[in-house]
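Inspection log for the structure reproduced underneath, given as structure tokens.
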Amino acid sequence: MDVEKTAPIIHKRAKKRRIITRALAIIIGAFMVAVGLEIFLVPNNIIDGGVTGLSIMMSHLTGIKLGIFLFLFNLPFLLIGYKQIGKTFAISTLFGVAVMSLGTNYLHHVPSLTDDLLLSAVFGGIIIGIGVGLVIRAGGSLDGTEIVAILLTRKSPFSVGEVVMFFNIFILGSAGFIFGWDRAMYSLIAYYIAYKMIDLTMVGLDQSRSVWIISDAPDEIGDALAARLGRGITYLSGEGGYTGDDKKVIFCVITRLEEAKLKSIVEEIDPNAFLAIGHIHDVSGGRFKKKNIH
């Protein structure tokens with residue numbers, strides 16, 4: 001077999017598969033946002049944050065379909081994103097915004113599933129948050145304020161989250177004058193739930209943990225973790241800051257569900273071991289295979 005000829009073909013197939021997977025994630029995510037807007041929030045005069053919230057208010061005041069404002073208001077930010085952030089991000093965002101806009105137009109005449117404001121805010125926020133999270137994981141965005149926030153933070157001491165929050169306080173506050181202050185408060189509930197669901201969708205329920213262990217029995221603990229958790233173990237060389245003694249530091253990555261088991265293993269072998277556990281946003285690579293916990 002000619003490896004030099006087959007390798008590029010395999011690489012092209014893998015790249016094509018990634019593009020298709022990302023496109024499907026953007027389609028599903030953007031359509032979920034459209035469902036959350038047209039089936040839950042918009043019929044009950046509840047808005048979301050950012051450009052979406054601004055579009056909902058303009059649609060209410062003018063009678064023009066929401067999808068038109070969603071596309072037009074995001075277009076300038078897409079051009080900025082194309083020049084400042086990157087071509088792939090801009091194309092993914094344009095595709096997502098187009099699907100979301102078409103989805104809202106398609107669902108415009110579908111009746112709301114509930115007239116209860118709290119249920120609408122909660123379930124609308126959940127669906128929108130999951131949808132936005134899927135699009136962000138696929139490398140795109142559905143709201144132009146995030147693009148502006150990224151650019152502004154380059155020349156200001158504020159974080160992206162702080163800039164987005166400033167925009168949303170203004171937009172959600174404006175909803176009080178248009179829809180009434182009770183609707184503005186329900187909008188805040190929907191926005192908060194959507195924000196939490198975005199984070200949950202991006203990180204996942206089964207969050208990863210990074211673990212550092214310093215013990216007088218590093219080899220025994222390392223072997224036990226590898227055998228009973230099925231996790232790869234890395235030994236790092238360290239030095240005690242106070243004693244100056246050489247230390248063998250154990251490093252590994254586990255899931256949230258394995259945390260309790262890891263603690264029991266370490267305590268069983270060395271109750272005096274130093275154990276530090278931190279959160280990890282994402283993990284890729286590694287050559288180990290997951291085994292059952294025992």
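Tabulated values for the structure
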item	result
Residues of the stretch 38-49 classified as over 20 Å from residue 177 (Cα atoms), buried (at least 24 other Cβ atoms within 10 Å of the Cβ) and of a type in the set (A, V, I, L, M), total	0
Count of residues meeting criterion [modelled with pLDDT of 90 or more, part of a helix (DSSP H, G or I) and open to solvent by less than 50 Å² (accessible area, probe 1.4 Å)] in the stretch 201-221	2
From 195, 235, 191, residue being of a type in the set (Phe, Trp, Tyr) and surrounded by fewer than 14 Cβ atoms within 10 Å (Cβ to Cβ)	235
Unique residue being assigned by the TED database to the domain that holds residue 166 and open to solvent by less than 10 Å² (accessible area, probe 1.4 Å) when the list is 78, 66	66
Options 125, 144: the member that is modelled with pLDDT of 90 or more and either buried (at least 20 other Cβ atoms within 10 Å of the Cβ) or among the hydrophobic types (A, V, I, L, M, F, W, C) (or both)	125
Any hit, the stretch 112-135, residues being of a type outside the set (A, V, I, L, M, F, W, C) and more than 22 Å from residue 190 (Cα to Cα)	no
Hits in the stretch 157-166 - residues which are surrounded by 11 or more Cβ atoms within 10 Å (Cβ to Cβ) and either under 14 Å from residue 195 (Cβ atoms) or at pLDDT below 75 (or both)	158, 159, 160, 161, 162, 163, 164, 165
Any chance residue 169 is aliphatic (A, V, I, L, M), surrounded by 15 or more Cβ atoms within 10 Å (Cβ to Cβ) and at negative phi	no
Single residue of the stretch 255-276 satisfying the filter (over 11 Å from residue 213 (Cα atoms) and not in a helix (DSSP H, G or I)) that is most open to solvent (accessible area, probe 1.4 Å)	271
Some residue of the stretch 99-106 being assigned by the TED database to the domain that holds residue 149, within 22 Å of residue 19 (Cα to Cα) and open to solvent by 40 Å² or more (accessible area, probe 1.4 Å)	yes
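The values are calculated or read from the model by the stated rules, or taken from the named source; none is laboratory data. The model shown is predicted, which means the values in this text are computed figures rather than measured ones. Methodologically, a virtual Cβ is constructed for each residue, glycine included, from the backbone with ideal geometry; neighbour enumeration extends over all protein chains shown. With ligands, DNA and RNA removed, areas are computed over all heavy atoms of the protein, side chains included. Shrake-Rupley method; radii C 1.70, N 1.55, O 1.52, S 1.80 Å.
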